[in-house]
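Visitor: Dropping the structure in here first, questions after.
Just so it is clear, none of the values below were taken in a lab; they were calculated from the coordinates. Remember, predicted model here, so these are calculated numbers, not experimental data. Glycine gets a Cβ as well: all are built from the backbone with ideal geometry, and neighbour counts include every protein chain shown.
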């Protein structure tokens, strides 16, 4: 179902934040901060039609690709895929269980040249070790470009991943081969598992560095649906060079005691915290309707 109106997108995002918290609480394991922070952007990609895709044909040859490099925020992707009917929403309850298709990091299983049916529909790459998704995205975009295909590749990375040298090799490769069909999205929430990124290993002037590596840089408010639709569309339509979209997000967005607190990078809420967070989201959703 296509959704383009900001009010409808916000309403859906409130529901998906509750799905994210339910998954992580039930599993008593997961990464709420980044998942809550990126849900608006991922929803906007899929629900508005900016990302060309078909839930009934997950491997459709003409689809655009969404690669989640920072795989630990997969609850956000799983919630959106369920909302888009790639699989039944009830399956979200199996998050992180043994033999579940919804593992703690997305995994792509292959059976020869075909995707194994045990893989969750809509998953494009296996993610785990940070820094690798950008290289996979660049390689995929390069292959599509050589084949003269019109698919676009979006790759979401964390700002902590920018501390990995491999990320910068991918940017250099993308710029050198003028991969106009590639958009890197960087979740610039300024936290990582052990603290603030500026304290752990400062990224300096990230925008200028990306420009220096040959990328066209855009910035977006990751919680403003009008801005998201505008900048994601601009990125996809840019035909001059690969794009880096710096997404300014609030980790833990929507839950006041989680927002901007790096300790929620990879911690599940207890019963009291879960109930408090779910109540807060319900109240905010009601107020947003008024």
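Visitor: Whole Å is fine, so just give me how far the alpha carbon centre of region 225-290 lies from that of region 1-63.
Guide: The two parts, judged by their Cα centres, are 11 Å apart.
Visitor: Considering Cα pairs under 8 angstrom that are at least six residues apart, work out the relative contact order of region 6-289 and quote it in whole percent.
Guide: 24
Visitor: Taking only Cα atoms and a 10 Å spring cutoff, compute GNM fluctuations for the chain and point out the largest among 24, 98, 250.
Guide: Its mean-square fluctuation being the largest, the pick is 98.
Visitor: For helix 133-146, report the angle its Cα long axis makes with the longest principal axis of the Cα atoms of the chain; keep it between 0 and 90° and round to the nearest 10°.
Guide: Tilt of helix 133-146: around 40 degrees.
Visitor: If you don't mind, another one. Can you tell me the 0 to 90 degree angle between the C-alpha axis of helix 6-27 and the longest principal axis of the chain, rounded to 10?
Guide: For helix 6-27, the angle is close to 70 degrees.
Visitor: I've got another one for you. Mind checking which of 267, 150, 207 has the largest fluctuation in a GNM of the chain, springs on alpha carbons under 10 Å?
Guide: The residue that fluctuates most here is 150.
Visitor: Please report Rg (one decimal) and Dmax (integer) in Å for the Cα set of region 1-149.
Guide: Cα only, region 1-149: 15.0, 45 Å (Rg, Dmax).
Visitor: A follow-up question, please. For a protection proxy built on the mean count of beta-carbon atoms within 10 angstrom, sort 13-19, 260-266 highest first, please.
Guide: Going from most to least packed, we get 13-19, 260-266.
Visitor: Where a ≥ b ≥ c are the square roots of the eigenvalues of the C-alpha gyration tensor, would you call region 169-290 rounded, which needs a/c under 1.5, or, failing that, prolate if a/b is larger than b/c, or oblate?
Guide: oblate
Visitor: While we're here: By per-residue mean of other Cβ atoms within 10 Å, what is the highest-first order of 40-48, 224-232?
Guide: Ranked by mean Cβ neighbours within 10 Å, highest first: 40-48, 224-232.
Visitor: Can you order the peptides 165-171, 195-201 by their average number of other Cβ atoms within 10 Å per residue, highest first?
Guide: 165-171, 195-201
Visitor: Using only Cα atoms, find the angle between the long axis of helix 165-176 and the longest principal axis of the chain, and express it within 0 to 90 degrees, rounded to the nearest 10.
Guide: Value to nearest ten degrees: 50.
Visitor: In the calculated pair distance distribution of region 153-219, what percentage of Cα-Cα distances lie above 21 Å?
Guide: Looking at region 153-219, the distances longer than 21 Å represent 20 percent of pairs.
Visitor: Give the percent of DSSP beta bridges with both residues in the chain that are antiparallel, rounded to the nearest 5.
Guide: 15
Visitor: Also, I was wondering about something else. Say we join alpha carbon atoms closer than 10 Å with springs in a Gaussian network model of the chain; which of 28, 84, 190 then has the biggest fluctuation?
Guide: Most flexible of the set in this elastic network: 28.
Visitor: First check a/c for region 232-290, with a ≥ b ≥ c the square roots of the eigenvalues of its C-alpha gyration tensor; if it is under 1.5, answer rounded, and if not, answer prolate when a/b is larger than b/c or oblate otherwise.
Guide: oblate
Visitor: So how compact is region 99-166: Cα radius of gyration and Dmax in angstrom?
Guide: When restricted to the Cα atoms of region 99-166, Rg and Dmax are 13.6, 38 Å.
Visitor: Just to be sure I understand: of the beta bridges DSSP finds with both ends in region 138-290, what percent are antiparallel, rounded to 5?
Guide: 10
Visitor: Relative to the present Cα-Cα distance, how much length would full extension add between residue 279 and residue 148 at 0.36 nm per residue of separation?
Guide: Contour length minus the Cα-Cα distance gives 42.2 nm.
Visitor: Then there's this: Could you tell me which of rounded, prolate or oblate describes region 80-193, using a ≥ b ≥ c as the square roots of the eigenvalues of the alpha-carbon gyration tensor, with rounded for a/c under 1.5 and, failing that, prolate when a/b is larger than b/c and oblate otherwise?
Guide: Note, shape of region 80-193 comes out oblate.
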